[in-house]
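Okay, so here's the structure we're looking at.
The values are calculated or read from the model by the stated rules, or taken from the named source; none is laboratory data. In this text the structure is predicted, and so the values were computed from the model without any measurement. Cβ atoms come from the backbone with ideal geometry, glycine included; neighbour counts cover every protein chain shown.
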Amino acid sequence: MITGKTLLVGIIGDPVEHSLSPPMHNAAFKHLEMDYVYVPFHVSGENLEKAIQGARSLEIRGLNVTIPHKTAVIPYLDEVDPAAQLIGAVNTIKFNEDKAKGFNTDGLGAVKALEEITPVKDKKVLIMGAGGAARALAFQLILNGIGDLVIANRTPEKAVQLALDIQSKLEFSPEATGLGEVELSSTDILINTTSVGMYPHQDQPPLIRGQQMHPELVVNDIIYNPLKTNLLKEAESIGARTLNGTKMLLYQGMESFRIWTGVTPPVEVFERSLMRTLGNKI
């Protein structure tokens, strides 16, 4: 029951009605008997600054930030966590005593999910895509000690731009290439951050075929609808280990929950809610 003592957190974006976060967070608050509620807020770009000011005034405890505000929100914050500063994007805000601090839990969630399958330290990673998700994963993987990184994109210039930005901020030099030039014989981890194969285009051919892979490869597609993309099917056909996007989604949300409340929610509560919601949507 919501009362005058209930604490408020939520998510801002444009659009926001597709978000899977409210069911996960509210299920965890209920399970842990915490007097919080998580609410989605549709916020257009021209109202972003006012939304942050309003959140302060309403004593909202925290917000997730989704497309298209992850970069645009930064000027309206008082402080940004070092990893989020490197990435140049914020997906979590904590409000505390007139201070708004930004974090990025996307990369953390992705790396935690990967490390359930394989350590990332000293590994050679190839990331397909050069957008916001690729950027978050690239910086976090480097911070976690990977050995080599290749960024492959349909527009090679965007891969080069991301590689140069990483090089300017960290003592690390990624390789940049076009998707047609991908070579996986020495790659340990392949990550797809593009939308190829995502619902409603799940029948699209994958960017990489099984014959290009090898059985020791770990293939991570951050898409979670469908749960098994054509890329993952190709990987399974040659015996490679696979990972879809659900665990990344779970762990980035759980880290936001922890930042706001100081409590790490049970993964099974988040996962049960997520799979139930996905089952209704798919």
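A few points about this structure:
- All of (1) surrounded by 15 or more Cβ atoms within 10 Å (Cβ to Cβ); (2) basic (Lys, Arg); (3) in contact (Cβ under 8 Å) with a residue 60 or more places away in the chain hold for Lys158 with one exception: (3).
- Verdict on Ala136 being within 26 Å of Asn153 (Cβ to Cβ), in contact with an Asp or Glu (Cβ under 9 Å, 6 or more places away or on another chain) and crowded, with 22+ Cβ neighbours inside 10 Å: yes
- Filter pass, Ala100 being in the same structural domain as Asn26 (by TED's automatic domain parsing), over 23 Å from Glu46 (Cβ atoms) and either in contact with a Leu (Cβ under 8 Å, 6 or more places away or on another chain) or modelled with pLDDT of 95 or more (or both): no
- All told, Gln211 meets the bar of being assigned to a helix (DSSP H, G or I) and on the phi < 0 side of the Ramachandran plot.
- Failed item in (1) under 25 Å from Gly102 (Cβ atoms); (2) touching a residue at least 40 places away in the same chain (Cβ under 8 Å); (3) in the same structural domain as Arg135 (by TED's automatic domain parsing); (4) not small (Gly, Ala, Ser), with Ile208 passing the rest: (1)
- As for the range 84-93, it holds no residue that is surrounded by fewer than 23 Cβ atoms within 10 Å (Cβ to Cβ) and closer than 19 Å to Trp260 by Cβ.
- Boolean, Asn220 is more than 20 Å from Glu116 (Cα to Cα) and in contact with a Leu (Cβ under 8 Å, 6 or more places away or on another chain): no
- Residue that is nearest to Ser168 (Cα to Cα) [pool: residues in the range 96-129 that are in contact (Cβ under 8 Å) with a residue 60 or more places away in the chain and small (Gly, Ala, Ser)]: Gly129
- Residue selected from the range 208-264 under the condition over 12 Å from the mean Cα position of the chain (by Cα) and of a type in the set (Asp, Glu), by the criterion surrounded by the fewest Cβ atoms within 10 Å (Cβ to Cβ): Glu216
- Any hit, the range 111-130, residues being hydrophobic (A, V, I, L, M, F, W, C), under 22 Å from Tyr38 (Cβ atoms), under 16 Å from the mean Cα position of the chain (by Cα) and surrounded by 24 or more Cβ atoms within 10 Å (Cβ to Cβ): no
- Residues within the range 168-201 that are more than 20 Å from the chain's Cα centre (by Cα), within 18 Å of Glu234 (Cα to Cα) and free of Cβ contacts under 8 Å to residues at least 60 places away in the same chain, tallied: 7
- Selection status of Gln140, within 27 Å of Asn104 (Cα to Cα), among the polar types (S, T, N, Q) and in contact with a Ser or Thr (Cβ under 7 Å, 6 or more places away or on another chain): no
- Annotation: of all residues in the range 30-63 being assigned to a helix (DSSP H, G or I) and in contact with an Asp or Glu (Cβ under 8 Å, 6 or more places away or on another chain), the one that is farthest from Met1 (Cα to Cα) is Gly45.
- Within the range 247-282, the set of residues being of a type in the set (Gly, Ala, Ser) and over 17 Å from Leu108 (Cα atoms) comprises Ser273, Gly279.
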